[in-house]
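Shown next, in structure tokens, is the structure this report addresses.
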Amino acid sequence: MDSDTLWGHIDRERAWIADLLDSLSEESWEVPSLCSGWTVRDVGAHLTFAQARVRDILWPAIRTGFRYNAMAHYTAVHSPLTHDEIVAKIRSFVGSRRKAPMISDYEPLIDTLVHAQDICRPLGIDRQMLPDAAAAAADRVLNTPWPLSLWKPKPGLRLVATDIDWSYGEGTVVHAPMQHLLLTLTGRTYTSAQLGGGTSAPI
């Protein structure tokens, strides 16, 4: 995917997320998200770190032993930003290609696509990913080098998208829309029955 198309997808998701958060009631901000231990508000706060500088993350990184997941959790749940400030900051990123240090252009794409679902699904909101964006994000998830790699696909499965020419793995075939496969690859819990595989085992 070329850079302009990739950043167009990121801008689209950021603008949509900002508008969604701006429309939510105070109660909705406190609903548990798909991210374990995070509310909708915490997910929004996490997204404001997309353009963090080294000085912004140095102390949280030290405090959490340079463990990415722990640092992400700490900066999200301890963010001092108000709801309005979270919305304004995410919206301010639209049109900018600046990103946090040591990541590729694809990490903001993964973040916006997946975290939008983390917010929407518990609130009963249907937000469809564009299949080409979800496929590009999935390819990056599968090819992210250590120590940035966060997820490991379950072996023995062949994931096949039903809405774009994309597949991965060997074994029992599971057919599903690309967005569901991306969510599975990023640790969100689905069952193979939900994804079209015909069994109820988590994948």
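Numbers for the structure displayed
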| quantity | calculated |
| --- | --- |
| Matching residues, the range 1-45, being assigned to a helix (DSSP H, G or I) and charged (D, E, K, R) | D4, D11, R12, E13, R14, D19, D22, E26, E27, R41, D42 |
| In the range 183-203, the residues that are within 22 Å of D126 (Cβ to Cβ) and either part of a strand (DSSP E or B) or at pLDDT 95 or above (or both) | T191 |
| Failed condition for V174, given (1) in contact with a strand residue (DSSP E or B) (Cβ under 7 Å, 6 or more places away or on another chain); (2) not in a strand (DSSP E or B) | (2) |
| One residue from D132, D118, D165, D126 being out of contact with any Phe, Trp or Tyr (no Cβ under 8 Å at 6 or more places or on another chain) and surrounded by 15 or more Cβ atoms within 10 Å (Cβ to Cβ) | D132 |
| Some residue of the range 28-37 being at pLDDT 90 or above, out of contact with any helix residue (DSSP H, G or I) (no Cβ under 7 Å at 6 or more places or on another chain) and not aliphatic (A, V, I, L, M) | no |
| Where V160 falls short, out of the listed (1) closer than 21 Å to L34 by Cβ; (2) without any contact (Cβ under 8 Å) to a residue 24 or more places away in the chain; (3) of a type in the set (V, I, T) | (1) |
| Subset of the range 54-106 that is among the acidic types (D, E) and modelled with pLDDT of 70 or more - its residue that is surrounded by the fewest Cβ atoms within 10 Å (Cβ to Cβ) | D84 |
| Index of the failed condition, T112 passing every other in (1) crowded, with 16+ Cβ neighbours inside 10 Å; (2) modelled with pLDDT under 95; (3) within 13 Å of the chain's Cα centre (by Cα) | (2) |
| Considering residues of the range 76-102 that are among the small types (G, A, S) and part of a loop (DSSP other than H, G, I, E, B) only, the residue farthest from W7 (Cα to Cα) | S79 |
| Selection count, the range 121-163, where residues are in contact with a helix residue (DSSP H, G or I) (Cβ under 9 Å, 6 or more places away or on another chain), part of a loop (DSSP other than H, G, I, E, B) and modelled with pLDDT of 90 or more | 8 |
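The values are calculated or read from the model by the stated rules, or taken from the named source; none is laboratory data. All values derive from a computational prediction rather than experimental measurement. Reconstructed Cβ throughout: ideal geometry from the backbone, glycine too, with neighbour counts over all protein chains shown.
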